[in-house]
Every structure is written in structure tokens, then in C-alpha cells.
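The values are calculated or read from the model by the stated rules, or taken from the named source; none is laboratory data. It should be emphasised that the depicted structure is a prediction, and the values quoted were computed from it without experimental measurement. Here the Cβ is made from the backbone with ideal geometry for all residues, glycine too, and neighbour counts use every protein chain on show.
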Amino acid sequence: MTIREVRDAVRSGARSAAEVCGDVLARIETLNPQLNAFNTVVADRAMARAEEIDRDRDRWRHAPLAGVPVAVKDNLCTRGVRTTASSRMLEHYVPPYDATVVARLEGAGAVIVGKTNCDEFAMGSSNENSAFGPVRNPWALDRIPGGTSGGSAAAVAARLAPLALGSDTGGSIRQPAALCGVVGLKPTYGRVSRYGLIAHASSLDQVGPLSSTVHDAALTLGVLAGADPCDATSAAEAVPDYTAALTGDVRGTRIGVPRALLEGIDAEVSRAIDAALEVLKARGAAVVDIDLPHAKYATPVYYLVSTAEASSNLARYDGVRYGFRAPADGPGKAGHYDLRAMYSRTRAQGFGPEVKRRIMLGTYVLSAGYYDAYYLKAQQARTLILRDYDRAFADVDVVAMPTSPTPAVRLGERVSDPVQMYLMDIFTVSANLSGLPAISVPCGFTRAAPAATDLPIGMQLMGRRFDEATLLRVADAYERDTEWSKQLPPLIPSR
Amino acid sequence: MLASGMPAGFTRDQIANIAALANLELDASETDLFTRQLGDILAYAEVVQQIDTTGVPPTASVVARHAADRPDEILPSLDRDEALAGAPDAALDAGFFRVPRVIG
């Protein structure tokens, strides 16, 4: 069921919120052991909340997400519910407050069913950096779901919840959405509050929804968006009715395609994107070539900027105020245990390898003597990337390209080579560096034999700052003419 | 390093220094691994040196305009017990976080 269907059924009384919630919890119990999509399932809390909604139907009669079960990425704080960021560092951390997005969802009638697995501190592209084991792709259990919101994408794809929240620092909503065959939206930087999101790279992080349809993403964005006094970077721009923008009309809409950037991508991905553009052309959109001369530098620029910010943000994990602290008498750790040793051992034992790698790189690029050559240079390049997009958006309404250069790779295929892993982000990082909104919509499947391993492909659309309405309108128009969003992965038992 | 256009790579000592700056205790195998991998990543990132950034201002944030000033009002915040509840070692009665001895 889509969010809209659940919501309408609960509002009309056709189904109770408790029934819906019970169904979802049963599915999670059946399928999650194969997928590892959830770090924590809060069955009792969810059922209690659903029953509360059922008891007070009048109050929730107009709530936009009445009774809608939602899976929340485990780097978003939930008061009283363990929030781990998939790290040993926060394995037992129970936040004393809710992220603003969590409070807004619950205020709109949503029912949180659990916290989804992700790459540790949202660093990765495959979900293999979770301290609690990788999530598996519902379409092929030996493949990655993408990262870092891999649990959220897998949960929606396997219909363990109609809605999930993710966070996106360099593609972490869009890339797993593409690899799992669902819709994922990264809003404009500032559109959605980051209060209560465990910080990775503060100038890039943004929270957004993963859902099975574009309409559901539009509906959810309307709930999440808006200024928040707790986040000084949240924007005061008015929040339009995003669902009202979904008219299906793309006549005259100009779609830019950065052809030069797409050379060398997977042939099936390339074919799927071309076919998707034909669908939009048939609806009256104009597809034009655009030039983004600095986009090819986006990935290295991203890894210089994001690791610098991460090294600073993650300095807070020091074993003092919350989270893990290494014991004084750990194995082979005899010797002086002063404050400095406590910090260093806590961080050594609490963080996994990718997090350490990024803290190290970020510390280096910020250090005296290298700051100008790397961090400052990357920030200047960021300006040029941003200007490329500003120039493009003077001529086009949206920019289209694949979300990921390849379909889901096998688990373990790229873990030993960080650079190969980072290259998976080539099409997604620009939206974060430039702050632009971007969405991934399912646009086909690989057709390599055998058919049992068909893998989803996603098309990414990027839009003007704070113009999610146009982005969603084009994505929805495309979805109306295609059936990709309705296909279910093979592990879901047929009814 | 920059004159040649390619980084010389890292030595184990450099990696140990960075780890010390970052308050990370590395074992020997991690030091070896990061010596190689950080060198690889930086070699890959070296391509940014080709970009002509003469006169280009840096972008640290894409926030177009900052929120207006707000009145400095005292609002409720976490109480002390809640703030201490997640600490690995808290002196709850005294209301302190406890850490290993710093002086003496």
C-alpha cells in the first residue's frame, strides 16, 4: 500500500491504524532476518501509538500521515528509542530528545515502527560499513542495497514500511533508492531541519523521504519542510502544497542532460535513462544537452570537503558525555590511562575503519600546511560546480542523469578499495555541494540473464533551489507513464 | 609535494601524526593500511589541482541568507539528570561527568 492509500483507509475507518501497524510488524518479522534492514524494531511502542490514533480518530481525521507506519534511519534521534548511527560508539545511546523531522512525522499522524540500518555515521555507499552488518538488497540478497540509507531503501522496497526517512550527504537517500527500486528525495539544503540528525558533514547533510511513489514523497516533504528555530540553517521559504504541483503536465518543461559526464557508464543504465527521457519527450518535455564542465571534479571535491567537516563533527565522540568509553583495562592495553589515552582508545574501539579513514583524511586536509592546497582548493572548486548549475538552470528546469553509474554490485565487491567505492557517488555528490534538490525515481531494470537477478535502475532529476515542486512534477509525470514503481522484489510472497 | 603535481604518498610517521591529531589510537596493521589507502585517496583527489581557481571565492555553505536575529530568550532545555543519563561515567549526585585523572 502507498502512504496515500494507508492514510485514506485509516482516516475513513476502512482499516484501523492498529491493523495496518500489525501487518507491517508481521512483515518485518518475516523478512527482516534476511534483509537486516532494521537495527531496532519498536513493536510495542508502535502498536500503542497506533491504538492511540484509533481511539481518537476525530483528532487525526485530517492528519496528512494518519496511521502511516514509518521506518526512521538510525542516525535521526528518537526520544527514548536507541539511536546508534550503526556505530559501536552509540550502540546503547538513547537520545533525550526527538529530531525535528521525527516530531513532525508523529505530529502528522505517522507511526514509527523502527530504526533502519545504515553505514556507520552515514559514511559509505554500500551499507557495508554498518557495525551491525550489511543490509541486503531485496532484489538480490547477495547485492548491496546502496548506502548510506540502505536499510530505509530496503525496507520500502520490501514493503516493510510504506515510508522511510533517510539522510543524504553525498547521495545517501538517492543512491540506495535507485539500487532498491524506490523513490528517494533529497530536498534543497535548508528545506528540512537537521536538528536531531547525527551530523556527518553539516554543509551537505539533508533529511528526506524514501517511498514507493513520487506522490508519497511530495506528501511527506510537505510534512517535513519548513523553518525550525532549532536549526539556524533551516530556510524560511514558504512551503507550497507539493502534491498540488503533480499535474502530469510537462509540456514545455526543459530537461538538461550533461552528456559528456555520462560517458563510460554501464550500458544498461545508459539505455534505461535514454528510454526514460523519451517518455518525458512524448509528454511534451524538451530534452537538451547541457555542459557542466566542473562536474567531473565533484567526487574528489566532495571527499575533501565532507571528510574535513566529518573530522570536526566527530570530534565530539570522546567517551565523556554519552556513548561508548573504552575501559581502562582493555585487552593488551595496560599502561597509563590518562584523559588523552581514554579519548584515543575510545575512538579506536568505537569507530569502524571507514569512519577512521575519513576522520584521518579530514584531519589531514585541515592541518597546517595542507589547508590551502586541499580544503580551500576544494571549496573554490565547489563554487565553480555551483556556478555550472546556476548557468544550466538559467536555460533548463531540471537536469537529468543516472543516479548511480552501475546497478547494485555484489556485497564485498568494492570494500577493499575506498576509491572504487567513492566513484559510485559520481552523479549524486553535486547536488549536495550545490545545495540543490534532487530525486531518484525507478526507471527500469537490468535485463541480464537470468531474469531472477534483474536489478533496479534509477534516474536522477535535479532542480532549482527550493523548486522541489517542479522536480516532483516531472518525476510524477514520468511515473504516470511507467510501471517500474509497482514492481515488487522476488522475496515478497505473492498473495 | 605540490610542485610535482602528485603527492609523494604518506609515511607511517605522517599517519601516526595525523592519528595523534585526531585522537585515534591505531595499531600497526591499521597504520599500514591507512598509509596505503590515504595515499591512494589523495592521489585520486590530486586532480583538483588541475582546476583553475584564480580569483574564485571559496564556498563553505550554500545557505543563501541567514535567519534573522532572534530575541535572546531563556527557553527550557535538558535537565541535568537527562543530560547525564547517557554518560559512560557520571557522578549523578554531584551532577558531573567523570573522566580519568587529568592533573597529578
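Structure above, values below:
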{"read-out": "Matching residues, the stretch B:28-44, being surrounded by fewer than 20 Cβ atoms within 10 Å (Cβ to Cβ) and within 8 Å of another protein chain (Cβ to nearest Cβ)", "value": "B:30, B:33, B:40, B:44"}
{"read-out": "Among (1) crowded, with 23+ Cβ neighbours inside 10 Å; (2) modelled with pLDDT under 95; (3) β-branched (Val, Ile, Thr) - the single one residue A:474 does not satisfy", "value": "(2)"}
{"read-out": "Which listed residue is touching an Asp or Glu at 6+ places or on another chain (Cβ under 9 Å), among the β-branched types (Val, Ile, Thr) and over 18 Å from residue A:158 (Cβ atoms), from A:409, A:429, A:474", "value": "A:474"}
{"read-out": "Residues satisfying the stated conditions in the stretch A:367-400, i.e. surrounded by 17 or more Cβ atoms within 10 Å (Cβ to Cβ) and more than 9 Å from every other protein chain (Cβ to nearest Cβ)", "value": "A:388, A:389, A:392, A:393, A:396, A:397, A:398, A:399, A:400"}
{"read-out": "Any hit, the stretch A:351-362, residues being more than 9 Å from every other protein chain (Cβ to nearest Cβ), assigned to a helix (DSSP H, G or I) and more than 23 Å from residue B:44 (Cα to Cα)", "value": "no"}
{"read-out": "Of residues in the stretch A:301-318 being within 10 Å of chain B (Cβ to nearest Cβ) and free of Cβ contacts under 8 Å to residues at least 40 places away in the same chain, the one surrounded by the most Cβ atoms within 10 Å (Cβ to Cβ)", "value": "A:318"}
{"read-out": "Some residue of the stretch A:277-287 being under 25 Å from the mean Cα position of the chain (by Cα) and of a type in the set (Val, Ile, Thr)", "value": "no"}
{"read-out": "Subset of the stretch A:127-150 [hydrophobic (A, V, I, L, M, F, W, C) and closer than 22 Å to residue A:170 by Cβ]", "value": "A:131, A:132, A:135, A:144"}
{"read-out": "Matching residues in the stretch A:331-349 - criterion: being more than 7 Å from chain B (Cβ to nearest Cβ) and surrounded by 23 or more Cβ atoms within 10 Å (Cβ to Cβ)", "value": "A:346"}
{"read-out": "Single unsatisfied condition, residue A:120 versus (1) of a type in the set (Asp, Glu); (2) modelled with pLDDT under 95; (3) crowded, with 24+ Cβ neighbours inside 10 Å", "value": "(2)"}
{"read-out": "Verdict on residue A:120 being among the acidic types (Asp, Glu) and over 22 Å from residue A:202 (Cα atoms)", "value": "no"}
{"read-out": "Qualifying residue in the stretch A:357-364 (condition: surrounded by fewer than 21 Cβ atoms within 10 Å (Cβ to Cβ), over 18 Å from residue B:55 (Cβ atoms) and not aliphatic (A, V, I, L, M))", "value": "no"}
{"read-out": "Candidate set: the stretch A:42-62, residues that are outside any helix (DSSP H, G or I) and closer than 16 Å to residue A:108 by Cβ; chosen: the one farthest from the chain's Cα centre (by Cα)", "value": "A:56"}
{"read-out": "Among (1) under 27 Å from residue A:407 (Cα atoms); (2) under 22 Å from the mean Cα position of the chain (by Cα) - the single one residue A:267 does not satisfy", "value": "(2)"}
{"read-out": "Residue A:489 in contact with a Cys (Cβ under 9 Å, 6 or more places away or on another chain), closer than 29 Å to residue A:26 by Cα and in a loop (DSSP other than H, G, I, E, B)", "value": "yes"}
{"read-out": "Residue in the stretch A:420-448 that is surrounded by the fewest Cβ atoms within 10 Å (Cβ to Cβ), counting only those that are more than 10 Å from every other protein chain (Cβ to nearest Cβ) and of a type in the set (Gly, Ala, Ser)", "value": "A:448"}
{"read-out": "Breaking point among (1) in a strand (DSSP E or B); (2) within 26 Å of residue A:297 (Cα to Cα), for residue A:471", "value": "(1)"}
{"read-out": "In the stretch A:288-300, the residues that are more than 10 Å from chain B (Cβ to nearest Cβ), crowded, with 20+ Cβ neighbours inside 10 Å and β-branched (Val, Ile, Thr)", "value": "A:290"}
{"read-out": "Pairs where the first residue, in the stretch A:401-419, is more than 14 Å from every other protein chain (Cβ to nearest Cβ) and the second is of a type in the set (Gly, Ala, Ser), C-beta under 6 Å, 6+ apart", "value": "A:403/A:178; A:403/A:440; A:403/A:458; A:404/A:178"}
{"read-out": "Per-region count, the stretch A:1-24, residues surrounded by fewer than 22 Cβ atoms within 10 Å (Cβ to Cβ) and within 22 Å of the chain's Cα centre (by Cα)", "value": "3"}
{"read-out": "Residue within the stretch A:219-237 that is surrounded by fewer than 18 Cβ atoms within 10 Å (Cβ to Cβ), part of a loop (DSSP other than H, G, I, E, B), more than 14 Å from chain B (Cβ to nearest Cβ) and of a type outside the set (Asp, Glu) present", "value": "no"}
{"read-out": "Conditions (1) in a loop (DSSP other than H, G, I, E, B); (2) at pLDDT 95 or above; (3) of a type in the set (Gly, Ala, Ser); number of the one not met by residue A:449", "value": "(2)"}
{"read-out": "Residue list for the stretch A:247-263, restricted to those being crowded, with 16+ Cβ neighbours inside 10 Å and assigned to a helix (DSSP H, G or I)", "value": "A:261, A:262"}
{"read-out": "Some residue of the stretch A:392-413 being more than 27 Å from residue B:17 (Cα to Cα) and in a helix (DSSP H, G or I)", "value": "yes"}
{"read-out": "Subset of the stretch A:346-391 [touching a Pro at 6+ places or on another chain (Cβ under 8 Å) and small (Gly, Ala, Ser)]", "value": "A:378"}
{"read-out": "Residue within the stretch A:432-439 that is in a helix (DSSP H, G or I), in contact with a Phe, Trp or Tyr (Cβ under 8 Å, 6 or more places away or on another chain), modelled with pLDDT of 95 or more and polar (S, T, N, Q) present", "value": "yes"}
{"read-out": "Residue A:85 vs. criteria closer than 16 Å to residue A:207 by Cβ and either assigned to a helix (DSSP H, G or I) or within 12 Å of the chain's Cα centre (by Cα) (or both)", "value": "no"}
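Here's the yes/no breakdown for (1) buried (at least 24 other Cβ atoms within 10 Å of the Cβ); (2) β-branched (Val, Ile, Thr); (3) closer than 30 Å to residue A:60 by Cβ:
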{"position": "A:128", "(1), (2), (3)": "no, no, no"}
{"position": "A:137", "(1), (2), (3)": "yes, no, no"}
{"position": "A:141", "(1), (2), (3)": "no, no, no"}
{"position": "A:154", "(1), (2), (3)": "yes, no, yes"}
{"position": "A:164", "(1), (2), (3)": "yes, no, yes"}
